[in-house]
Amino acid sequence: MTLEEMKQTDIKTISKSELKDIREITYIETDNKEETTNHLRKQLGNLYAHKCGNIAIYNDYTEGTSLSEIVNVYVSEHMT
């Protein structure tokens, strides 16, 4: 699935059982943003649609905000 296809995912039409749980991923930040993104992509399948427990989540990445920054904020706010 391409990033554009991931972005077009309608979270309302996906069964929660199809989504990967973000609590089960291993986040490894590297100096290479592409490598970090690919690592997350392999684990989540879709960088835009996933779940945390029983809650479906859709991320909308804003220009200028890196995936690393978003994940760091999410992890610090929701997983500590």
Study note, to complete from the structure: Matching residues in the stretch 71-80 (at pLDDT 75 or above and either in a loop (DSSP other than H, G, I, E, B) or under 15 Å from ILE25 (Cα atoms) (or both)) number 6
Point to revise | Residue selected from the stretch 26-69 under the condition among the hydrophobic types (A, V, I, L, M, F, W, C) and under 9 Å from the mean Cα position of the chain (by Cα), by the criterion farthest from THR2 (Cα to Cα) | key: ILE57
Review point. Here are SER66, SER76: which of them is loosely packed, with under 10 Cβ neighbours inside 10 Å, without any contact (Cβ under 8 Å) to a residue 40 or more places away in the chain and out of contact with any strand residue (DSSP E or B) (no Cβ under 7 Å at 6 or more places or on another chain)?
Key: SER76
Review point. When the stretch 21-40 is examined, which residues are found to be buried (at least 16 other Cβ atoms within 10 Å of the Cβ) and either over 24 Å from GLU77 (Cβ atoms) or free of Cβ contacts under 8 Å to residues at least 24 places away in the same chain (or both)?
Key: ILE25, HIS39
Exercise for review: Can you tell me which residue within the stretch 10-20, out of those that are buried (at least 16 other Cβ atoms within 10 Å of the Cβ) and outside any helix (DSSP H, G or I), is modelled with the highest pLDDT?
Suggested key: LEU19
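The values are calculated or read from the model by the stated rules, or taken from the named source; none is laboratory data. A quick note: this is a predicted structure, and the numbers were derived from the prediction, not measured. Counting neighbours? That spans all protein chains shown, and the Cβs are built from the backbone with ideal geometry, glycine included.
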